Each structure stands twice: as C-alpha cells, then as structure tokens.
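Visitor: Shown below is the structure under consideration.
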C-alpha cells in the first residue's frame, strides 16, 4: 500500500504527525521548511531531524514529490509539462517565461465536470480531484520552480469545484512556514460556482479571474452549461459584495469567437453589467480544438473589440498567445496521452 505523502500538508497537520510520534514541538516547522523551501528528494535528507525521527517518518510516510513524465518546449520558451495522476489520468502544467516574470499555470483536477464547449479538458469528463500536494507538486518538481514569480490556477479542471484542496494549497503557498508567496502573485480562475467563490473571497487575498466569455445568459448557457445553475447576475451580485482595492483584482476572462461574442451588442451589454465595478477584461484568442464548431475571431476584429471596450472605460487587454507550436490548448496534451497517441518513453522536448 502506497504511503501517505508529507508534501501538501499544512503546519497544523504536520504538528499532529509530530505529536503522534512524540517528536519535539519544533519538528513540524523543521519538516515544513524542508518540504516547501528546499530541494530535497527524500525524508532522509531532513538532516536537522534526529535519525530516529527520520526513521519514524520514513516508515509511515513518503515525501510525495514526483517528476513530470514528459515535456513539450515551444520555440518561444513556453513549456508544457505532463504529469501522471493516478493509474490512467494525466494533468498539464504550463511554464510561461517573459522578460520580467515567469508564470506557471497549474491544474486542479484530472479532467473536468463543467463541459464547456470550447475546452478540451471538458471533453475528457471528470476523473479525479487533485490533492493539495498534487497541485503544489506542479510547482515544486519543476527545474524552474525557484525562478517563478506568478502563479495562475487556470489549467485543467475548475478550482472552485475542488475547494478544500485549493484552499489548502493556497495556505501552504502564502504561509511564512510554506512557500512564502505573496497572495498578490497568485490568481485563481473560476467559471462562477458562487458558494465556493464566496468562500474563497472571504478566506483568501489572492486575485480572482472569472470566465465570462459573453454578457448574454442564453449564449453563456450554450458555451458553459454551469450558467444554468449560476447565472451571470448571480456571479456579479456576489462580486459586488466584496472589496477589490488596488491590491486585489478581479478580472474577467473572455475568449473571443468569430460571429458569436465579438459584436457591438456585446460591448454595450458588457458596459452595462460591469458598470461601477473595478475590474478588467482579458481577451483571449481561441486555440482550435477537435469536435467544436467554434472559431476564433480574426486579429482585426479582436483589436476593434478591445478598443471599443477601452473606449467605454473598461480596462481591456489581449492576452499574448504562447506555445503555438506545441499542444497549446488546455487538455490537448493529456488527451493525446490518454488516447495513446504519445508514448511515455517518447521525448517531447523540441
């Protein structure tokens, strides 16, 4: 039977373990320091713990840090890492280097329940929740982890549908005994599961990004079935109860589809529903995926849409497209692996 991992546990959970084994009170912080600030590969490397303590831990636990099984590298420096999750599942993590920062996009679930029309991950269906350790391993196991400056929960899965693991991973990321990240360097995306979103906003200082994609309910229900349960109005009503000052941001993710959500009527309605909110819109180019009728808008229309929204006073930017020469769209690489189109022994580094 596989031992339980230490990696991904909070300080309180580590204190419970050390108390159970009769270890000194300060041992929990020592273990956390090794787990979240150092590059160890085994429990035996925790050299400031006694040999007896390390033995007890090793007998009952494993470290819980493991390497990706493959990686694709784009000509622009973007890397997409593939991790095995369970016996048959896979998740993806994208490393995106830029001039002044390096961003990592992590997954929160294996597959997804939400079934969004534009998402390859949704076509896999839901397979499993990731633990906090599995979420954080996407950071810790990479060769670039010490150079990361920003983190986004925008990979496979819906973070707010895995709330317990999400919040535990955020605690470890931002605590002084953990990774010691500023919450202002972390953004969590959601399609708008209102109760979970409320809990997140009340118990975290990290940024929030809401997948909107259209201001019209009928269109959004077609693109995102979750809208049948949580409407745009439900989402906006909840957001307006919270304070987004200079330090904490709320943004709206908006994939732009040709002839569907890029017209003057959309500009007008976005201006109406976002009136009075301190927010921004991130326009996203659509990465074509198999089995969908959707098509991305052309560059001229994309720029025109951006300028129209900015003219209405809504801060609007176009997210740079990265990794176009690899499986850029979320879920493509893991889907190929699941279908057996890529062998784990194949070198994906380009």
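Here's the yes/no breakdown for (1) under 24 Å from residue 305 (Cβ atoms); (2) assigned to a helix (DSSP H, G or I); (3) without any contact (Cβ under 8 Å) to a residue 24 or more places away in the chain:
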| position | (1), (2), (3) |
| --- | --- |
| 135 | no, yes, no |
| 138 | no, yes, no |
| 181 | no, no, no |
| 187 | yes, no, no |
| 192 | yes, no, no |
| 198 | no, yes, no |
| 205 | no, no, no |
| 208 | yes, no, no |
| 222 | yes, yes, no |
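Visitor: So, one more: Would you call residue 50 surrounded by fewer than 17 Cβ atoms within 10 Å (Cβ to Cβ), touching a helix residue (DSSP H, G or I) at 6+ places or on another chain (Cβ under 6 Å), farther than 19 Å from residue 108 by Cα and not assigned by TED's automatic domain parsing to the domain that holds residue 155?
Guide: Values: surrounded by fewer than 17 Cβ atoms within 10 Å (Cβ to Cβ): yes; touching a helix residue (DSSP H, G or I) at 6+ places or on another chain (Cβ under 6 Å): no; farther than 19 Å from residue 108 by Cα: yes; not assigned by TED's automatic domain parsing to the domain that holds residue 155: yes.
Considered against the rule, which asks whether it is surrounded by fewer than 17 Cβ atoms within 10 Å (Cβ to Cβ), touching a helix residue (DSSP H, G or I) at 6+ places or on another chain (Cβ under 6 Å), farther than 19 Å from residue 108 by Cα and not assigned by TED's automatic domain parsing to the domain that holds residue 155, residue 50 comes out as no.
Visitor: With respect to residue 201, determine if the residue is surrounded by fewer than 22 Cβ atoms within 10 Å (Cβ to Cβ) and in the same structural domain as residue 317 (by TED's automatic domain parsing). Even if it seems obvious, please write down each step before you answer.
Guide: Working: surrounded by fewer than 22 Cβ atoms within 10 Å (Cβ to Cβ): yes; in the same structural domain as residue 317 (by TED's automatic domain parsing): yes.
Taking the combined requirement at face value, the residue satisfies it.
Visitor: Taking the residues in region 148-171 that are assigned to a helix (DSSP H, G or I) and touching a helix residue (DSSP H, G or I) at 6+ places or on another chain (Cβ under 6 Å) as candidates, determine which candidate is nearest to residue 92 (Cα to Cα).
Guide: Ranking the candidates gives 159 first.
Visitor: Another question, then. Of the numbered conditions (1) more than 26 Å from residue 294 (Cβ to Cβ); (2) touching a strand residue (DSSP E or B) at 6+ places or on another chain (Cβ under 9 Å), residue 146 satisfies every one except a single condition; which is it?
Guide: Status for residue 146: all satisfied but (2).
Visitor: Do we have residue 234 as in a helix (DSSP H, G or I) and surrounded by 13 or more Cβ atoms within 10 Å (Cβ to Cβ) here? So that I can check it myself, show each step before the final result.
Guide: Numbers: in a helix (DSSP H, G or I): yes; surrounded by 13 or more Cβ atoms within 10 Å (Cβ to Cβ): yes.
When the stated conditions are applied, residue 234 passes them.
The values are calculated or read from the model by the stated rules, or taken from the named source; none is laboratory data. In this text, all values refer to a predicted model and were calculated from it rather than measured experimentally. Cβ coordinates were reconstructed from backbone atoms using ideal geometry, including for glycine residues, and neighbour counts include every protein chain displayed.
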